[in-house]
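**Q** Can you read through this structure? Questions will come right after.
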Amino acid sequence: RSLFQVVHAHKPHFMALHCQEFGGKNYEASMSHVDKFVKELLSSDAMKDYNRARVYLDENYKSQEHFTALGSFYFLHESLKNIYQFDFKAKKYKKVTGKEIYSDTLESTPMLEKEKFPQDYFPECKWSRKGFIRTRWCITDCAFDLVNIHLFHDASNLIAWETSPSVYSGIRHKALGYVLDRILDQRFEKVSYFVFGDFNFRLDAKAVVETLCAKATMQTIRAADTNEVVKLIFRESDNDRKVMLQLEKKLFDYFNQDVFRDNNGTALLEFDRELSVFKDRLYELDISFPPSYPYSEDSSQGKQYMNTRCPAWCDRILMSHSAKELILKSENDEKIVIYDHIGPNVCMGDHKPVFLSFRIAAGAGKPIANVHKCCVVQ
């Protein structure tokens, strides 16, 4: 319902919905629910005016080398004319008609590129479900790529806290660079692109803790058998030595969650630094919503964060600088471009989805000298 409310409010003609961890964390048991979810989405009353759709679901969890658990949905409003999708094998655009769902055959579907990161990118070289799916579209001579992405998470709060920037941010940096190099290589014509999904970007943990606990003293607790650090406790120097923060591998228990919610957590945006490495390649609109992760999965706690990780803006919509130029901006109506989150008061799982709503300027993407050739197609 929360998704449909956003659709109803903005009435997009073209809608792209990117999901990660499709089937959930226990995908072997819950993948059976996916088909029902997809059918309900496609047949719902809220989506009745979208008469064309493409759905790409990576459900092949038995293939360790290829499984990404990514799901990419694209809906086309009946009023939208002349929309084409790129065939990466034939290297030409094809007109989009009807509704089609692809799941078991993603590896052989020429209408997308799907890739899992090389195994040596994975921390400890253990396979997980990280990778990307890329599709290319053309609307009234405006061509662009849409990339669904899932980057690596932080395995341990204690390790993330050790260095600034953390070892995990370096792994994400490497993987995102890999994706950008891949979509900009020489195989196909370069077009504008939007990359959106779960980047797992985290706040600089060391800087955040030092700021939140600036007047605290730290107690280190080690395992008796290995002498390994298993817990850090930060206490106020006065005020009866009140505990401010407890940090363990999968515990980030700060005494005042309001700091992450007040004014959408913008006081902490200065510690959101991972994208700065890509400022020459990627653009993002100003963030005006609270950290999108990790929300409580208790359906009655829609606004509450879990005490497992430091809240962070993991879920983002980024674009090339040329894509930024496609977006229509109006001096009279600043609300024409909206970057926000979905279901602020509703449990949406441990991540809160984010969305970007915009209009593409008429004639955008057309070279001045001659009309773009993207729509000379079958």
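**Q** Just one of (1) under 23 Å from residue 106 (Cβ atoms); (2) of a type in the set (A, V, I, L, M, F, W, C); (3) open to solvent by 30 Å² or more (accessible area, probe 1.4 Å); (4) not in a strand (DSSP E or B) trips up residue 46, so point out which.
**A** Going through the list (1) under 23 Å from residue 106 (Cβ atoms); (2) of a type in the set (A, V, I, L, M, F, W, C); (3) open to solvent by 30 Å² or more (accessible area, probe 1.4 Å); (4) not in a strand (DSSP E or B), residue 46 breaks only (1).
Yes/no matrix, rows are residues, columns are (1) small (Gly, Ala, Ser); (2) surrounded by 22 or more Cβ atoms within 10 Å (Cβ to Cβ):
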{"position": "129", "(1), (2)": "no, no"}
{"position": "133", "(1), (2)": "no, yes"}
{"position": "137", "(1), (2)": "no, yes"}
{"position": "140", "(1), (2)": "no, no"}
{"position": "156", "(1), (2)": "yes, no"}
{"position": "159", "(1), (2)": "no, no"}
{"position": "162", "(1), (2)": "no, no"}
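**Q** Of the residues 204, 198, 181, only one is modelled with pLDDT of 95 or more, open to solvent by 30 Å² or more (accessible area, probe 1.4 Å) and among the charged types (D, E, K, R); which?
**A** 181
**Q** Continuing with the same structure: The conditions are (1) touching a strand residue (DSSP E or B) at 6+ places or on another chain (Cβ under 9 Å); (2) exposed (fewer than 15 other Cβ atoms within 10 Å of the Cβ); (3) at positive phi, and residue 237 fails exactly one of them. Which is it?
**A** With respect to (1) touching a strand residue (DSSP E or B) at 6+ places or on another chain (Cβ under 9 Å); (2) exposed (fewer than 15 other Cβ atoms within 10 Å of the Cβ); (3) at positive phi, residue 237 is out only on (3).
**Q** If I ask for residues that are open to solvent by 10 Å² or more (accessible area, probe 1.4 Å) and within 24 Å of residue 17 (Cβ to Cβ), which ones from the stretch 306-321 would you list?
**A** The answer is 315, 317.
**Q** So residue 73 ticks every box in (1) out of contact with any Leu (no Cβ under 6 Å at 6 or more places or on another chain); (2) closer than 24 Å to residue 113 by Cα but one. Which box is left unticked?
**A** Among (1) out of contact with any Leu (no Cβ under 6 Å at 6 or more places or on another chain); (2) closer than 24 Å to residue 113 by Cα, the lone unmet condition for residue 73 is (1).
**Q** When you go through (1) buried (at least 17 other Cβ atoms within 10 Å of the Cβ); (2) assigned to a strand (DSSP E or B) one by one for residue 51, which number turns out not to apply?
**A** Tallying (1) buried (at least 17 other Cβ atoms within 10 Å of the Cβ); (2) assigned to a strand (DSSP E or B), residue 51 fails exactly one: (1).
**Q** Go through (1) in contact (Cβ under 8 Å) with a residue 40 or more places away in the chain; (2) open to solvent by less than 30 Å² (accessible area, probe 1.4 Å); (3) closer than 24 Å to residue 355 by Cα one by one and return the number of the condition residue 79 breaks.
**A** For residue 79, the failing item is (2).
**Q** Moving on to the next point. Scan the stretch 23-39 and give yes if some residue there is touching a residue at least 40 places away in the same chain (Cβ under 8 Å), among the β-branched types (Val, Ile, Thr), open to solvent by less than 50 Å² (accessible area, probe 1.4 Å) and closer than 19 Å to residue 183 by Cα, otherwise no.
**A** No, because not a single residue in the stretch 23-39 is touching a residue at least 40 places away in the same chain (Cβ under 8 Å), among the β-branched types (Val, Ile, Thr), open to solvent by less than 50 Å² (accessible area, probe 1.4 Å) and closer than 19 Å to residue 183 by Cα.
**Q** Continuing with this model, one more query. What residue, among those in the stretch 211-229 that are crowded, with 16+ Cβ neighbours inside 10 Å and in contact with a Ser or Thr (Cβ under 9 Å, 6 or more places away or on another chain), is nearest to residue 91 (Cα to Cα)?
**A** Only one residue fits best here, namely 229.
**Q** Return yes or no: is residue 262 open to solvent by 70 Å² or more (accessible area, probe 1.4 Å) and at positive phi?
**A** no
The values are calculated or read from the model by the stated rules, or taken from the named source; none is laboratory data. The model shown is predicted, which means the values in this text are computed figures rather than measured ones. FYI the Cβ positions are ideal-geometry reconstructions off the backbone, even for glycines, and counts take in every protein chain you see. Quick note on the areas: whole protein, heavy atoms, side chains included, nothing else; ligands and nucleic acids left out. Shrake-Rupley method; radii C 1.70, N 1.55, O 1.52, S 1.80 Å.
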